[in-house]
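Single-structure report; data block below.
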Amino acid sequence: MTAKQDNLILAFESSADETSAAVVKNGHEILSNIVATQIASHQRFGGIVPEVASRHHLEWINRVTKEALQEASVTDPAAQLSAVAATYGPGLVGSLLIGLMAGKTFAMVHDLPFIAVNHLAGHISAANFVQPTSYPAMAVMVSGGHTELLWMAKENSFQIIGTTLDDAAGEAFDKVGRILGLNYPAGKEMQEMAAKGQANIHFPIAHTENTFDFSFSGLKSSVLNYVHHADQLSEQINKNDVAASFQKAVVEAIIEKTEAAIQVFQPVQLLLGGGVAANLALRTAIEHLAQTYHLKLTEAPISLAGDNAAMIGAAAYLNFKAGRFSGLDLNTDPSLNFSRM
Ligand code: KG4
Ligand code: ZN
């Protein structure tokens, strides 16, 4: 392998219901980012069906790869690329296997080094497309499957200081959306309804034993109780008000825990990533929090908040710089996480 002036990484992401391939230059410039979403296939089931997801990944992976290479003008992968990366966890095993196998095979065929990426590190690294991170940093990772407060003492170092004890933030949006009759995934539509409503219903925020942990299942139950109660009395509910009140409670919970963590850990930088980072109410609240504590803030761009391979390429570049490569015998790790502090 000869040293290249620019390091291009071909990255794969297939942990849930998006099949994606991207070419990322030097960890912060997107040359291509092709995302094939399967959402429509899963909607009729109200959530991701793992078996269906794997089959779709298998159908799409070669097409998104070809397109990602074409769009980035990569015609000679061995000469132009520096490495190949893929998500190896956390996620659905059958889904992860497709992207990981594609990545390892591509690396082997073109004699390129292979880099395994943690999906959560990918979400956090989406911030690198905006500006470089300053350390120590506190990352707020909120997605459909995860809700974590992560302490980053230095680059590419992640320690969990708080996590959800039950539902993830995005999962709560999806479940409450379902109660209100919305399709999966409901986060974006909930946000739109919330914008039309008033947050005039009190839904309680759970208090957890560890100050930095989250719990959203009680919140979901209180929305369910509110809706059932109104049903029994044949009262009409204002769904927009329910959405606004629920969203306010979720945002307040995230901000409350993040603020407590800022006070204890004193980071210089805040990072916001994960699918729920697309939520405008959350973005406004975290911007306000960062201002209050005079912290630098980087939010994942809304277009890169959900699952995509570009963020995996950004995270892979950090491993590339550190010389952290993986063997081609690497397996998936569906319940991969960071260690708890
Ligand atoms: O990160 P992501 O694409 O997939 C996982 O790794 O889980 O996150 C998807 C989640 C879904 O639960 C979806 O409802 C939620 O992100 N989401 C939102 C918004 N956009 C997506 N939640 C609240 N507000 C949004 N605007
Ligand atoms: Zn994700």
ask   = Mind checking which residues of the stretch 89-125 are in contact with a Lys or Arg (Cβ under 9 Å, 6 or more places away or on another chain) and surrounded by fewer than 23 Cβ atoms within 10 Å (Cβ to Cβ)?
value = Gly94, Phe114
query = Quick one: would you say Ala72 is touching a strand residue (DSSP E or B) at 6+ places or on another chain (Cβ under 9 Å) and either under 21 Å from Thr19 (Cβ atoms) or among the charged types (D, E, K, R) (or both)?
reply = yes
Options Phe45, Phe106; residue that is more than 30 Å from Leu149 (Cα to Cα) and within 16 Å of ligand 1 (Cβ to nearest atom) = Phe45
key: Of all residues making up the stretch 7-54, the number that are more than 20 Å from the chain's Cα centre (by Cα) and at pLDDT below 95   = 5
query = Is one or more of the residues making up the stretch 87-104 within 24 Å of Ala277 (Cα to Cα), within 16 Å of ligand 2 (Cβ to nearest atom) and either at pLDDT below 95 or in contact with a Cys (Cβ under 8 Å, 6 or more places away or on another chain) (or both)?
reply = no
inquiry  = Anything in the stretch 70-88 that is crowded, with 22+ Cβ neighbours inside 10 Å and of a type in the set (A, V, I, L, M, F, W, C)? List them, or say none.
reply    = Ala72, Leu81, Ala83, Val84, Ala85, Ala86
task = Mind counting the residues in the stretch 28-63 that are among the charged types (D, E, K, R) and farther than 30 Å from Lys321 by Cα?
result = 4
inquiry  = Can you tell me which residue is farthest from Ser245 (Cα to Cα) among those in the stretch 287-308 that are within 13 Å of ligand 1 (Cβ to nearest atom) and among the hydrophobic types (A, V, I, L, M, F, W, C)?
reply    = Leu304
ask   = Among the helices (runs of 4 or more DSSP H) contained in the stretch 233-341, which hold 3 or more residues that are among the charged types (D, E, K, R) and either modelled with pLDDT of 95 or more or surrounded by 15 or more Cβ atoms within 10 Å (Cβ to Cβ) (or both)?
value = 239-265
query = Within the group Ala199, Ala194, which residue is at pLDDT 95 or above, in a loop (DSSP other than H, G, I, E, B) and among the small types (Gly, Ala, Ser)?
reply = Ala199
query = How about the stretch 1-41: which of its residues are in a loop (DSSP other than H, G, I, E, B) and of a type in the set (D, E, K, R)?
reply = Lys4, Asp6, Asp17
task = State whether the residues of the stretch 213-228 include one that is part of a loop (DSSP other than H, G, I, E, B), out of contact with any strand residue (DSSP E or B) (no Cβ under 6 Å at 6 or more places or on another chain) and crowded, with 17+ Cβ neighbours inside 10 Å.
result = yes
key: Residue pairs meeting the criteria (Cβ under 7 Å; at least 6 apart or on separate chains; first charged (D, E, K, R), in the stretch 226-243; second surrounded by fewer than 17 Cβ atoms within 10 Å (Cβ to Cβ))   = Asp241/Gln198; Asp241/Asn200
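The values are calculated or read from the model by the stated rules, or taken from the named source; none is laboratory data. Keep in mind it's a predicted model, so treat the numbers as computed, not measured. Cβ coordinates were reconstructed from backbone atoms using ideal geometry, including for glycine residues, and neighbour counts include every protein chain displayed.
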